[in-house]
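The structure under discussion appears below in the form of structure tokens.
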Amino acid sequence: MKGIITILNRFLPPYKKYVVLSFLFNILTAILNVFSLATIIPILQVLFKVNNKVFEFIPWGAKDVSLIDIVLNNGNWYMSQLIATHGSSKTLMFLAIALVIITLFKTGNAYFGSYFTIPIRTGVVKDIRNKINDKILALHIGFFSEERKGDILARISGDVNEVENSVMSSLDMLFKNPILILIYLVTMIVLSWQLTLFVFAVLPIMGYVMGTVGKTLKRSSFEAQNKWGELMSQIEETLSGLRIIKAFNAENKISKRFYAGSDLFRKMSNRIARRQYLAHPMSEFLGTLTIAIVLWFGGSLILGGNGLIDAATFIYYLTIFYSIINPIKEFSRSAYAVQRGLASMERIDKILSAQNDILEPQHPQKLVFENQIHYNNVWFKYNKDWVLKGIDLKIEKGKTIALVGQSGSGKSTMTDLLSRFYDIQEGSIFIDNINIKDITLHDLRSKIGYVTQEAILFNDTFFNNIAFGKKNVSEEDVIQAAKVANAHDFIMATQYGYQTNIGDRGGKLSGGQRQRISIARAVLKNPEILILDEATSALDTDSEKLVQDALEKLMKNRTTIIIAHRLSTIKNADNIHVLKEGQIVESGDHNSLYLLNGYYTKLCNMQGDLN
């Protein structure tokens with residue numbers, strides 16, 4: 001029950017209006033259902049002429065007579081008057097018409113009770129998915145190095161659906177089924193408190209058995225959802241690496257791996273579903289068993305002639321009791337759904353409750369870049385081992401510097417720290433004597449432009465990819481940026497020009513074209529600090545010339561940090577800093593470093609004589 005309240009407290013407040021309306025219509029439905037079933041008594045009395053007693057009207061305000069006795073007496077008196085005035089046949093017709101009218105109102109209220117739960121269901125799902133999406137955008141990049149993309153997709157799809165079902169089941173558990181059970185129970189007590197007392201002695205057995213069946217469902221559901229996340233991760237990896245899979249003829253290997261995971265998930269789902277489906281037949285059997293016991297007990301009392309309850313009322317009592325069985329069964333089903341939802345909520349909360357280590361400053365300073373960037377004794381590690389060790393580096397405004405070294409030496413990490421994708425553990429980074437931790441992320445990153453080895457493009461038009469992140473951009477500005485990046489001509493050669501969709505991740509374009517769109521995006525941003533991370537390393541010679549020309553235009557009058565493996569691309573840099581195992585071991589221009597005959601010279605010789 002605590003878990004249910006927790007879920008409802010988190011997600012229902014925006015939809016209180018719909019909850020109240022649904023609650024009211026559910027009450028009306030239950031009351032009208034009792035009245036519609038109550039027509040059974042006079043119908044049976046008229047049909048079988050089982051009531052020959054003479055009734056006198058009792059005033060509604062009469063003292064020393066309970067309201068229930070007055071209602072039952074006056075109802076019987078009114079029925080006898082109808083039979084005396086119109087005859088049994090017409091009275092039966094009147095009762096049938098009353099039954100239809102009451103049922104019409106009852107079903108109408110039942111519809112509106114469900115009608116007002118729909119905005120709750122769709123709203124809760126929307127809110128959770130929006131929160132997950134916002135959290136994904138807000139969390140630092142390091143969080144996702146530990147989480148698989150497919151598992152996150154599974155949480156935003158399958159787990160959210162489980163929580164949706166859990167919320168609806170929680171509403172049924174608190175605002176529908178208990179109302180029906182309570183009103184039916186009160187009616188049963190009014191009809192015969194002795195019989196109801198006997199029922200109370202039998203019903204707990206059914207509840208105990210049902211509770212025993214569902215004890216392990218939450219744990220099983222949690223394990224199954226984790227396995228589903230693994231399968232989604234495999235699919236995401238397959239889509240991303242389809243070219244490599246085919247190139248290495250690894251289709252069978254990938255297929256077998258997926259089959260094994262899918263089969264295990266199927267077995268887990270089977271266990272959960274079998275336990276869940278056991279709830280309905282078990283509750284129906286136990287309910288029928290209970291009714292049979294009540295039928296035997298109550299029937300024995302009537303046949304014994306002790307006057308505890310008459311036959312027609314006993315049939316009505318049994319009908320009410322049978323009606324109470326269904327909400328009890330639904331209550332038990334809801335308990336299963338809630339357990340599954342709670343298991344899914346734990347997985348969703350791993351994202352929603354994740355702490356963002358990259359914090360905004362409480363008293364931010366305005367950044368105006370005029371002089372230099374200063375890495376001051378910077379130490380950084382992702383896990384246990386230090387990736388950067390005591391980096392001291394000054395980058396003058398307007399200069400082009402290059403970071404070179406083998407893979408894993410810390411080149412890309414240095415630029416990631418400048419943009420605060422990660423925060424350093426020791427030391428600090430300053431821009432004009434302002435610690436970057438004292439600058440808002442938006443202000444800091446607005447000064448920095450990126451062109452990476454893998455051009456990150458979106459399934460959208462050329463225009464929107466170039467204008468990405470910019471507001472109120474004119475077509476002229478986009479075209480000018482594309483021209484600077486040597487991209488205008490091939491864009492205009494497409495079917496719809498700048499409004500042509502480039503496909504998923506720019507899949508309709510060549511590598512050089514994708515890179516030039518990425519450069520055009522950086523041109524339009526017009527950043528003061530430009531980071532080029534292996535921007536031409538994956539291109540052929542012809543494409544590299546076009547891209548290199550575009551980059552040279554982009555680099556003019558900017559502070560540029562180049563990360564490069566291909567040393568031929570950084571010969572003209574003002575300063576080259578050589579990294580080895582997280583430390584700067586050599587610095588200078590190309591010629592002076594080459595003449596040192598040190599580590600840089602070794603790197604150059606490995607790629608051919610670049611001197």
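Dipole of segment 372-606, Cα-centred, from +1 at each Lys and Arg C-beta and -1 at each Asp and Glu C-beta, to the nearest 20 debye?
The calculated dipole for segment 372-606 is roughly 80 debye.
Relative to the Cα centre, what is the charge dipole magnitude of segment 480-533, using +1 at the beta carbon of each Lys and Arg, -1 at the beta carbon of each Asp and Glu, and rounding to the nearest 20 debye?
Dipole of segment 480-533, to the nearest 20 debye: 80 debye.
Just how large is the dipole of segment 371-463 about the Cα centre, in debye to the nearest 20, putting +1 at every Lys and Arg Cβ and -1 at every Asp and Glu Cβ?
180 debye
With θ set to phi - 60° and the Karplus curve 6.51 cos²θ - 1.76 cosθ + 1.60, what are the ³J(HN,Hα) couplings of segment 437-442 in order, to the nearest whole Hz, using x for Gly and Pro?
These are the phi-based 3J(HN,Hα) values: 6, 9, 10, 4, 4, 5 Hz.
Please sort by residue number the GluC sites (Glu not before Pro) in segment 349-456 whose DSSP state is loop and whose Cβ has at most 11 other Cβ atoms within 10 Å.
Glu370
Quick check: residue separation of Ala493 and Ile189 times 0.36 nm, minus the Cα distance between them. What number comes out in nm?
101.2 nm
Explain nothing, just compute: Karplus ³J(HN,Hα) = 6.51 cos²θ - 1.76 cosθ + 1.60, θ = phi - 60°, for every residue of segment 379-389 in order, whole Hz, x for Gly and Pro.
Result, ordered by residue: 10, 8, 9, 7, 10, 9, 8, 5, 8, 10, 10 Hz.
Could you tell me the calculated FRET efficiency between Arg129 and Gln355, based on Cβ-Cβ distance and R0 = 25 angstrom, to the nearest 0.05?
0.75
Using C-alpha positions alone, give me the convex hull volume of segment 372-606 per residue in cubic angstrom.
127 Å³
Amide H neighbours of Ile576 under 5 Å, at least 5 residues apart or on other chains, H built in the peptide plane: list them.
Ala402, Gly588, Asp589
Over segment 372-606, what is the mean sequence separation of C-alpha contacts under 8 Å (at least six apart), divided by residue count, expressed as relative contact order in percent?
Relative contact order, segment 372-606: 27 percent.
Residues with beta-carbon under 9 Å from that of Gly469, excluding Gly469: net charge, scoring Lys, Arg +1 and Asp, Glu -1?
Once all neighbours under 9 Å are counted, the net charge is +4.
Counting other Cβ atoms within 10 Å, keep those with at most 13, restrict to DSSP loop, and tell me which trypsin sites (Lys or Arg not before Pro) in segment 395-501 are left.
Lys471
Could you please report the charge total around Lys602, scoring K, R as +1 and D, E as -1 over all other residues with beta-carbon less than 12 angstrom from its beta-carbon?
0
Less than 23 Å apart at the alpha-carbon level, and either on another chain or at least 8 residues along: which lysines does that give for Lys253?
Reachable lysines: Lys149, Lys227, Lys267.
Roughly speaking, what is the centre-to-centre gap between segment 428-454 and segment 462-486 when only Cα atoms are used, to the nearest Å?
Their Cα centres are 23 Å away from one another.
Reachable lysines from Lys545, Cα under 19 Å, same-chain residues fewer than 8 places away excluded?
Lys483, Lys553, Lys556, Lys571
Read-outs throughout are calculated quantities, based only on the coordinates presented, and are distinct from any laboratory measurement. These numbers were taken from a predicted model, which means no experiment stands behind them. Here Cβ is always computed from backbone atoms with ideal geometry, including for glycine, and neighbour counts include all displayed protein chains.
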